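A.B. asks: Structure provided below as structure tokens; questions to follow.
Every number here is computed from the coordinates shown, using simple stated rules; none is lab data. None of these values were measured; they are calculated from a predicted model. Because the Cβ atoms are built from the backbone with ideal geometry, glycine has one as well, and the counts that use them run over all protein chains shown.
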Amino acid sequence: MRVGIIRDAIYLEHITDDYHPENPRRLKSIYAMLDEMDQAGLVYVPARPATWDELALNHDRGYIETICGTKGKVQTRLDPDTVASAKSYEAACKAAGGFLELIDAAMSGRIDNGFALVRPPGHHAESGRSMGFCIFNNIAVGARYLEKKYGLSRILIVDFDLHHGNGTQHSFYGDKTVLYISTHQYPYYPGTGWYDEVGRGDGRGYTVNIPFSYGMNDADYLHAFKEIVDPVGRLFRPEIVLVSAGFDIHGRDPLGGMAVTERGFAGMTKTLMGIAADCCGGKTLFALEGGYDITALTNSVRTVIMEMKGTPVYVAEDGGDASAGGRQAVSTVKEAIKSYWKL
């Protein structure tokens with residue numbers, strides 16, 4: 001398998017506070033791991049900045065102008081959690097543009113699947129507002145780009161970050177061309193993502209939320225992927241699978257309350273690749289979101305890339321019943337299924 005990789009030094013120039021969990025050390029560790037990895041099958045795709053017109057596929061132009069205005073400033077606080085520094089605008093444009101380049105590489109057949117190892121992350125960013133470490137919504141811009149440039153009308157976005165992707169959900173809440181499925185810890189930041197958030201108008205039924213309680217582990221997540229993500233994703237018959245890959249559900253993560261391990265990430269990746277293989281020629285594109293324990297993040301990203309290369313580190317779990325301690329996960333999945341299928 002040819003795995004496209006987006007990496008660029010500019011992403012390290014998005015400087016946050018010294019104590020900030022979303023900091024350049026995250027990518028420095030991942031890039032060092034990449035350098036030590038067997039390079040067979042890896043295709044490094046050069047990143048580029050997204051244009052204003054491309055960003056405006058999902059974001060208000062006034063908001064883009066506001067972020068552009070942070071250029072050269074030592075620090076601008078965009079919200080209580082989100083910081084911009086002198087080169088953050090450049091990094092954010094290239095994070096979105098890098099994902100667009102990954103899309104072009106997949107659509108042209110140069111790669112089979114890919115991972116955009118970028119920052120700042122994106123899934124909390126609203127059309128006109130920064131949130132939760134996010135400036136531009138890389139996944140949402142990418143989905144709109146696929147619609148505009150390639151005419152796609154069935155785009156699956158799966159988000160397994162610890163936090164609900166409010167920005168992504170709101171971007172497509174009334175849109176039946178994008179199916180958004182999210183697993184997340186609830187109640188937790190940003191406070192969205194309950195069962196009854198299922199879309200509106202033409203988009204009703206095209207948002208699926210799986211709001212997990214604290215402490216869910218590999219078996220719990222794989223149960224949700226087996227019972228909901230896989231069958232609903234296949235029913236949609238996507239033309240491409242986009243993934244907001246947040247590794248803050250790892251058991252070691254300082255911001256999280258979940259207990260997922262590298263084996264769980266392998267299983268989820270296998271499920272998503274299976275959907276793509278059967279529906280859209282294997283086109284599966286990941287974009288990095290959260291993950292704040294450096295070792296856990298790096299090892300988990302490596303696990304996902306190895307799975308994408310076809311050289312898995314683990315024999316992925318079969319996604320059967322949740323663990324003995326996971327009765328809450330079974331109940332959550334049942335509630336999510338009821339909320340979805342009653343539509």
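A.B. asks: Taking the number of other C-beta atoms within 10 Å as the exposure measure, put D35, D248 in order starting with the fewest. Present the calculation step by step, with values, prior to reporting the outcome.
C.D. replies: Values: D35 9, D248 26.
Ascending number of Cβ neighbours within 10 Å: D35, D248.
A.B. asks: How much length, in nm to one decimal, is gained on full extension between S29 and Y189, taken as 0.36 nm per residue of separation minus their Cα-Cα distance? Intermediate values should be presented prior to the final figure.
C.D. replies: Details: separation 160, 0.36 × 160 = 57.60 nm, distance 2.61 nm.
Length gained, S29 through Y189: 55.0 nm.
A.B. asks: Using the structure shown, select from K148/K338; K149/K176; K71/K270; K148/K226; K94/K148 the pairs with a Cα to Cα distance greater than 29 angstrom.
C.D. replies: Exceeds cut-off: K148/K338; K71/K270; K148/K226.
A.B. asks: Amide H to amide H, which residues 5 or more places from Y195 or on other chains are under 5 Å from it, using H placed in the peptide plane?
C.D. replies: Counting only residues 5 or more places away or on other chains, the set is empty.
A.B. asks: Over the chain, what relative contact order in percent results from Cα pairs under 8 Å that are six or more residues apart? Could you put the intermediate results ahead of the total?
C.D. replies: Numbers: 810 pairs, mean separation 61.1, N = 343.
Relative contact order comes out at 18 percent.
A.B. asks: Ok, one more. Output the antiparallel fraction of DSSP beta bridges having both residues in the chain, as a percent to the nearest 5.
C.D. replies: Within the chain, antiparallel bridges account for around 10 percent of the total.
A.B. asks: List the residues, sorted by chain then number, that are 5 or more residues from R154 or on another chain and whose placed amide H is less than 5 Å from its amide H.
C.D. replies: Sorted by chain and number, the residues that satisfy this are E239.
A.B. asks: Name the long-range amide H neighbours of K87: under 5 Å, sequence gap of 5 or more, or other chain; modelled H, no Pro or chain starts.
C.D. replies: So K87 has HN proximity to I15, G72.
A.B. asks: On to the next question. Please order M268, M131 by the number of other Cβ within 10 Å, starting at the fewest. Kindly include the intermediate steps, with their values, before the conclusion.
C.D. replies: Values: M268 28, M131 21.
In increasing order of surrounding Cβ atoms, one gets M131, M268.
A.B. asks: Measuring from label point to label point, each 7 Å out along Cα→Cβ, what is the D60 to E147 span in nm?
C.D. replies: In this crude spin-label approximation the distance works out to 1.9 nm.
A.B. asks: Still on this structure, please answer the following. Sort C68, C280, C134 so that the residue with the fewest other Cβ atoms within 10 Å of its own Cβ comes first and the one with the most comes last.
C.D. replies: On the way: C68 14, C280 19, C134 31.
By the 10 Å Cβ count, ascending: C68, C280, C134.
A.B. asks: For the pair D17 and T295, how long in nm is the line joining their label points, each one 7 Å along Cα→Cβ?
C.D. replies: My value for the distance between the label points is 2.7 nm.
A.B. asks: How far apart, in nm, are two points set 7 Å out from the Cα along the Cα-to-Cβ line at T51 and at M37?
C.D. replies: Those two pseudo-labels are separated by 3.1 nm.
A.B. asks: Once R0 is set to 41 Å, what does the formula 1/(1 + (r/R0)^6) return for the Cβ-Cβ distance between A86 and R110, expressed as a FRET efficiency to the nearest 0.05? Write down the numbers at each step before the final one.
C.D. replies: On the way: r = 33 Å, r/R0 = 0.82.
Efficiency, from the Cβ-Cβ distance: 0.75.
A.B. asks: Can you tell me the length gained on complete extension of the stretch D278 to M1, counting 0.36 nm per residue apart and subtracting the Cα distance? The partial results should precede the final answer.
C.D. replies: Working: separation 277, 0.36 × 277 = 99.72 nm, distance 1.55 nm.
This chain segment gains 98.2 nm when fully extended.
A.B. asks: Looking only at the range 201-215, which residues have a backbone nitrogen under 12 Å from a spot 7 Å from the Cα of S331 in the C-beta direction?
C.D. replies: Counting backbone N atoms under 12 Å from the label point, the list is 213-214.
A.B. asks: State the extension gain, in nm to one decimal, for the chain segment bounded by K338 and K71, taking 0.36 nm per residue of separation less the distance between their alpha-carbons. Before the final figure, lay out the partial values.
C.D. replies: Working: separation 267, 0.36 × 267 = 96.12 nm, distance 4.76 nm.
Contour length minus Cα-Cα distance gives 91.4 nm.
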